Amino acid sequence: MDKTMNKKMTTLMLGIATVLLASCSQNEDVLQTGTDGTLQAVTITATTGGSMTTRSANAQGDEQVTRCLIQIFEKTGVEEQELQPMEGYKTPKPMTGSETDGFNTTATLNPTKEYSILFWADNGESTYNETAGLQAVKVTGDAMPGIAYAGKAEWTSTSGASVNINLKHAVAKMTLRSTTAVSADKQLSLTIPGMYAEYDVSSGTVSGNATSKTYAYTVPTGGVAANGDVFSCYALVGSETQNLTLNVNGMDTEIANVPLAPNKHVILKGDVGSLGLETVTFTATINENWDSKETLMLIPSDAVEITTANCSSINSDGNYVVSGTFNNQIIVIGSSPKIYLDNASINVSNGPAINITGGTPTIHVLGTNNSVTSSDGAGIYVAVNSTVTITGDSRNDVLRAEAGDDGAGIGGSYNGQDCGNISIKM
């Protein structure tokens with residue numbers, strides 16, 4: 001007997017956000033692409049943070065970018081993979097402009113050649129030294145890294161008369177946020193064991209050997225209010241998980257398994273005011289898009305990754321997280337687990353994508369690309385006598401739930417089937 005399959009879809013956009021858009025226009029000349037080696041003028045524009053169309057500045061609270069450097073390389077050698085600095089760019093050159101309006105320059109290029117254009121933006125030579133070129137930007141002396149952006153563009157005769165690039169953070173940012181008030185003059189330090197002192201813009205990676213580095217801070221007069229940010233610092237790191245050490249008035253607390261990477265902003269949140277008096281647990285908020293609205297949603301550091309080994313019998317009050325594509329049914333059979341959907345795509349062909357047969361789970365939605373899809377059942381099935389709470393922090397947190405065989409996006413798994421309680425919170 002053939003079964004007719006109908007799709008039902010529920011899309012949740014959680015919270016409220018305001019999007020501010022500005023537009024900019026510029027005249028673009030047509031580049032003459034002759035093959036006689038005639039040099040051509042190319043306008044080059046670089047922005048830091050946000051997008052090329054909004055000209056938005058850095059995330060609030062960041063250090064100011066005061067310079068943007070450019071270095072142009074000709075592709076030479078076998079298959080044009082070797083890079084040689086172009087004449088006039090043996091060392092990086094400063095671009096004109098500002099962080100708010102964008103940085104600009106004009107280069108004269110040969111349409112018969114191919115070029116790699118490297119960019120580096122920071123808050124001055126007191127923090128970074130670029131004299132060895134943008135393939136080996138170094139942290140100055142023993143200083144902590146400051147704000148830094150990097151980017152790479154390719155140019156050939158078919159690229160046109162302009163190059164526009166939006167630079168990304170070359171560093172990670174860490175913010176310490178306290179759930180309680182912190183008194184003035186308290187001495188704090190944060191130790192990062194895997195810090196680098198050199199960055200290669202061409203490859204977009206750190207280089208050299210990692211060493212331990214400590215950021216020290218004294219709470220100023222007036223202290224810090226509850227739920228306030230104590231300090232922020234930057235780290236030149238690779239993409240890896242590290243165990244950090246927070247010291248308050250001489251007493252160490254380890255914050256384990258903190259995922260650090262360039263262009264990520266990690267918020268460490270805990271009871272800083274009570275450190276030294278009692279055991280304090282910290283959670284880490286990971287913001288993948290640094291310049292976007294900072295999310296307050298927390299992914300606890302003890303969250304267990306949902307895998308094929310544990311997805312079919314979740315029955316505890318613990319924290320769970322699923323990211324990316326997952327093609328297995330997630331079954332909650334009891335208790336009150338917290339499940340974090342971190343830009344997750346859960347797709348199944350038999351039964352509900354998330355099957356809540358018991359318990360009172362909470363589903364935290366993080367990011368705009370979350371979906372739960374079944375071709376034979378509900379997107380999220382909630383059994384009678386069970387309750388699910390679905391929550392997010394902003395309109396940027398979106399969940400798309402799609403069902404097959406007359407099931408509900410969220411609710412009963414088949415047409416007319418009763419279901420439990422569903423609560424949507426912001």
FRET efficiency for Ile422 and Asp142 from the Cβ-Cβ distance with R0 = 60 Å, rounded to 0.05, comes out at 0.60
Too long for a 23 Å Cα-Cα cut-off, among Lys152/Lys213; Lys168/Lys338; Lys93/Lys152, are Lys152/Lys213; Lys168/Lys338
So what is the orientation-averaged projected area of segment 73-124, using the convex hull of its C-alpha atoms, in nm²? 4.5 nm²
To the nearest 0.05, what FRET efficiency results for Thr38 and Thr214 with a Förster distance of 56 Å applied to their C-beta separation? 0.50
Determine how large the accessible area of His169 is when every protein chain is in place; take a 1.4 Å probe and give Å² rounded to the nearest 10. 10 Å²
What distance in nm separates the simple spin-label points at Asp229 and Asn310, each placed 7 Å from Cα in the Cβ direction? 3.2 nm
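The values are calculated or read from the model by the stated rules, or taken from the named source; none is laboratory data. Note that the structure is a prediction, hence the values are computed from the model and not measured. Please note: Cβ atoms are built from the backbone with ideal geometry, for glycine as well, and neighbour counts cover all protein chains shown. What goes into the accessible areas is simple: the full protein's heavy atoms, side chains included, and nothing from ligands, DNA or RNA. Shrake-Rupley method; radii C 1.70, N 1.55, O 1.52, S 1.80 Å.
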